[in-house]
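The structure appears below as structure tokens.
The values are calculated or read from the model by the stated rules, or taken from the named source; none is laboratory data. What you see is a predicted model, and the numbers here were worked out from it, not measured in a lab. Cβ atoms come from the backbone with ideal geometry, glycine included; neighbour counts cover every protein chain shown. These accessible areas exclude ligands, DNA and RNA; they are computed on the full protein's heavy atoms, side chains included. Shrake-Rupley method; radii C 1.70, N 1.55, O 1.52, S 1.80 Å.
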Amino acid sequence: MIDSSSSSSEPGSEFTPEDKPRVVVLISGSGSNMEAIAEQIKNDVIDADLVAVISNKPEAAGIQKAQDRNIDTQIVDHRQFASREEFDAAMIRMIDGYRPDLIVLAGFMRILTPYFVRHYLGQLLNIHPSLLPSYPGLQTHQRALAAGDANHGATVHFVTEELDGGPNVIQAVVPILDGDDEISLQKRVQIQEHIIYPIAVKWFVEGRLSMQNGVATLDNKTLPLSGLQLSS
Ligand code: GAR
């Protein structure tokens, strides 16, 4: 069920200095957000170790990208499990083997069970392609266009049991332009995703960002409901 025919032997067996925060990234697809974070870790902008990239899809293109960066990769194929609970239990075993301080959902397209979310509460960040709380769920670009919104964007938020409902950390606001279609809008939003996600990860690993009692705080100040907003 768990394919370890990846770039390393046992989870957590690699050497990393104990003093650096340990980050695990979960992906299902192309892994561009994972790469944006990995790049800033490589360049010492983010002082952390990216200890593993884990995908629920063997064919996720981001797996090769992680291997090209010599990052440990693992596949936990959700299709091999009878239930969501069993899949999440296997994910937890795999993730915990890496002793992470932070788990980053970067295009990880599985709904997580409450058990999983509670296990990592306060250590789980997600990026979502909309200005949450607008448009949780799928087809966010299409829905923002259909509604005739002036702005769209992306949000990094803490994960709670409510789908796309945890407290916001940072948002990038992207104006919708005349003639935009789903593809053009998605491209501009993704450029911003690659800016805001590394910022949020940096804040977290520096101990500046946390979630307590369902509220996100940065430097001990409660963040606004939108999260910190960047405009492009
Ligand atoms: C990103 O655009 C992210 O916002 C979205 O998936 C894409 C993954 O791209 N996430 C969601 O829709 C989560 N609900 P990537 O694999 O290139 O980072």
Task: strands (runs of 3 or more DSSP E) lying entirely in the range 137-232 (those with 1 or more residues that are under 16 Å from the mean Cα position of the chain (by Cα) and of a type in the set (Val, Ile, Thr)) - done: 151-158, 168-175
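Do you know which residues across the range 64-83 are within 16 Å of the ligand (Cβ to nearest atom) and either over 17 Å from residue 50 (Cα atoms) or open to solvent by 40 Å² or more (accessible area, probe 1.4 Å) (or both)? Let's see the steps before the verdict.
Here is the first cut: in the range 64-83, the ones within 16 Å of the ligand (Cβ to nearest atom) are 64-69, 71, 73, 75, 78.
64, 65, 67, 68, 69, 78, listed by residue number.
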- [ ] Determine the pairs where a residue that is within 14 Å of residue 160 (Cβ to Cβ), located within the range 208-222, has a partner that is polar (S, T, N, Q) with Cβ atoms under 6 Å apart, the partner being 6 or more residues away or on another chain.
- [x] 210/217; 215/222
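Identify all residues within the range 180-216 that are among the hydroxyl-bearing types (Ser, Thr, Tyr) and either open to solvent by 20 Å² or more (accessible area, probe 1.4 Å) or in contact with a Phe, Trp or Tyr (Cβ under 7 Å, 6 or more places away or on another chain) (or both); write none if there are none. First the steps, then the outcome.
Of the range 180-216, the ones among the hydroxyl-bearing types (Ser, Thr, Tyr) are 184, 197, 210.
Of everything in the range 180-216, those that are among the hydroxyl-bearing types (Ser, Thr, Tyr) and either open to solvent by 20 Å² or more (accessible area, probe 1.4 Å) or in contact with a Phe, Trp or Tyr (Cβ under 7 Å, 6 or more places away or on another chain) (or both) turn out to be 184, 210.
Please determine, by comparing only the residues of the range 30-52 that are part of a helix (DSSP H, G or I) and away from the ligand (no atom under 15 Å from the Cβ), which one is nearest to residue 199 (Cα to Cα). First the steps, then the outcome.
Quick first cut of the range 30-52, residues part of a helix (DSSP H, G or I) only: 32-42.
Narrowing the set further to residues that are away from the ligand (no atom under 15 Å from the Cβ) leaves 41-42.
Numbers: 41: 11, 42: 14 Å.
Among residues in the range 30-52 that are part of a helix (DSSP H, G or I) and away from the ligand (no atom under 15 Å from the Cβ), the one nearest to residue 199 (Cα to Cα) is 41.
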Open item on the list: List the residue pairs whose Cβ atoms are under 7 Å apart, where the first residue sits in the range 119-140 and is free of Cβ contacts under 8 Å to residues at least 12 places away in the same chain, the second is of a type in the set (A, V, I, L, M) and buried (at least 19 other Cβ atoms within 10 Å of the Cβ), and the two are 6 or more positions apart or on different chains.
Closed with: 135/144
TODO: Among the residues of the range 17-29, write down those that are in a strand (DSSP E or B) and away from the ligand (no atom under 11 Å from the Cβ).
DONE: 22, 23, 24
